[in-house]
Structures are given as C-alpha cells and as structure tokens.
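Structure first, commentary second.
Any read-out appearing in this document is the output of simple, stated calculations on the displayed coordinates, not a laboratory observation. No experiment lies behind these values; they were computed from the predicted model shown. Backbone-built Cβ (ideal geometry, glycine too); neighbour counts: all protein chains shown.
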C-alpha cells in the first residue's frame, strides 16, 4: 500500500533526527537512524518489499527483524494519523 503524509503532517530534518508533526493535534514523533530512512522510503512510493531491500543494502540487520521494524513503524504512523494511504 503506497503511503503519503497526511494533509496536517509536517516533517523536518534536524541533523540526524527527523521531526514529524501533526499540525492539527500538536502531536509529534521524533525519529533517528533507520527511522529517518524508513520515512523517506515510505513516502517515496516504494512498496514494502522494495523498502526492505533498500534498507537491507544499507543496514546490518536480518530481513525478519527489519520487516518487523518497518511494519511496526508503519503501523505507528498510521495509528497517529501522520500518514494515509495514497491514491493510486
């Protein structure tokens, strides 16, 4: 499922940290490390498998762990309303 930032979501990179803000609620999420790259890939339109492949090429982690981390991060973004399913 391709994702897009929600209309009220604003993101800003500050060094190695990415701040993701929901302007409607004032709620924010701060991510660093692999989370920054996951955010970039999720919003690029890459599907889950392509995102996992790209991250595996960049990180020293096994596929199963990475897939679980990506799924958890995606679920958190969706639950917080920071991303939505993109129109196809």
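How far is helix 48-58 tilted, in degrees, relative to the longest principal axis of the Cα atoms in the chain, given as a value from 0 to 90 rounded to the nearest 10? That helix lies at roughly 70 degrees to the long axis.
Taking Rg/Rh (Cα atoms, Kirkwood Rh) as calculated from this structure, the corresponding entry among (1) 0.93; (2) 1.19; (3) 0.95 is (3).
Which one of 22, 53, 62 has the biggest mean-square fluctuation once the chain is modelled by GNM with Cα springs under 10 Å? Result: 62 has the largest fluctuation of those listed.
For the chain, adding -39500 (n - 2.57) for each run of n ≥ 4 DSSP H residues and dividing by the number of residues yields -14000 deg cm²/dmol at 222 nm. R0 = 22 Å: FRET efficiency of residue 50 with residue 23, Cβ-based, nearest 0.05? Computed FRET efficiency for residue 50 and residue 23 comes out at 0.15. Computed from Cα atoms, the angle from the helix 63-79 axis to the main principal axis of the chain rounds to 10 degrees. Looking at the chain, the DSSP beta bridges with both ends there are about 100 percent antiparallel. For the chain, the longest principal axis of the Cα atoms and the long axis of helix 34-44 meet at an angle of about 70 degrees. When only Cα pairs below 8 angstrom with a gap of at least 6 residues are kept, region 3-81 shows a relative contact order of 21 percent.
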